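For reference, the structure is listed below as structure tokens.
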Amino acid sequence: MKIVLASALFPPDIASPAPYVKELTRRLAGAHEVAAVVYGSFPERVEGARIVAVSKRRPLPLRLISFTLALWRAARHADILYIENGASVELPALLIKWLVRTPLIIHFGDPAAKKYFSQKMLLRRAAGTITESPPGRPEILPFAPRPEAALAAYEQSWSGHVRMLEEKFAHAK
């Protein structure tokens, strides 16, 4: 399956959606053809995935146009478009959804985020929404015992999350 992920944040950004999108990209890249279209100047690489970065330093209109074009190039032959909520991603995704008719699934990484007009329009056209996210990775501290139980729970939660997403993706196609 060809999957395109779109997000306003990606490591080295540290805000909550960034590590989620990177980890999801990494986990999906093992079994699928994955491209991530993100804002950033120096995004971290993910083995097996293509990362397309649009600079945040451009003026807003140019940044939105560049992101929309990059998203269109990635999504025109994709099976699924999976976006992380945020106005700077939703506006381009709304246009791309209309142009390429790729099934769209929205992840609400921040459910308390302000509801924009673009989000309401996109929700009407989405094949599905996801509100759950696996917990953050447990810290491994020096001179402390390795948190084996917490790491196992983390892996188990990600396995379940990816399985649930793959089922949603399969039904959305």
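The values are calculated or read from the model by the stated rules, or taken from the named source; none is laboratory data. Every value quoted in this text rests on a predicted model; they were computed, and no experiment measured them. Counting neighbours? That spans all protein chains shown, and the Cβs are built from the backbone with ideal geometry, glycine included. Just so you know, the surface numbers come from the protein's heavy atoms only, side chains and all, with ligands and any DNA or RNA stripped out. Shrake-Rupley method; radii C 1.70, N 1.55, O 1.52, S 1.80 Å.
Here the condition is being part of a helix (DSSP H, G or I), surrounded by 14 or more Cβ atoms within 10 Å (Cβ to Cβ) and of a type outside the set (Val, Ile, Thr); of PRO61, PRO138, PRO92, PRO134, it holds for PRO92 alone. Within the stretch 1-24, being under 10 Å from the mean Cα position of the chain (by Cα), outside any strand (DSSP E or B) and within 22 Å of LEU64 (Cβ to Cβ) holds for ALA8, LEU9, PHE10, PRO17, ALA18, VAL21. For the stretch 68-75, check the following and say yes or no: at least one residue is assigned to a loop (DSSP other than H, G, I, E, B) and not charged (D, E, K, R). Within the stretch 68-75, not a single residue is assigned to a loop (DSSP other than H, G, I, E, B) and not charged (D, E, K, R).
Note on the stretch 95-131: among residues that are open to solvent by less than 60 Å² (accessible area, probe 1.4 Å) and out of contact with any strand residue (DSSP E or B) (no Cβ under 9 Å at 6 or more places or on another chain), the one that is modelled with the lowest pLDDT is ALA113.
Could you tell me whether any residue of the stretch 141-148 is open to solvent by less than 60 Å² (accessible area, probe 1.4 Å), closer than 20 Å to LEU5 by Cβ and aliphatic (A, V, I, L, M)?
Taking the stretch 141-148 and keeping what is open to solvent by less than 60 Å² (accessible area, probe 1.4 Å), we get 144, 147.
After this cut, where a residue has to be closer than 20 Å to LEU5 by Cβ as well, the list is none.
No, because not a single residue in the stretch 141-148 is open to solvent by less than 60 Å² (accessible area, probe 1.4 Å), closer than 20 Å to LEU5 by Cβ and aliphatic (A, V, I, L, M).
Being touching a residue at least 60 places away in the same chain (Cβ under 8 Å), out of contact with any Cys (no Cβ under 7 Å at 6 or more places or on another chain) and open to solvent by 30 Å² or more (accessible area, probe 1.4 Å) is a property that does not hold for SER159. For the stretch 18-58, taking the residues that are basic (Lys, Arg) and over 24 Å from TYR154 (Cα atoms), the one that is most open to solvent (accessible area, probe 1.4 Å) is identified as ARG57.
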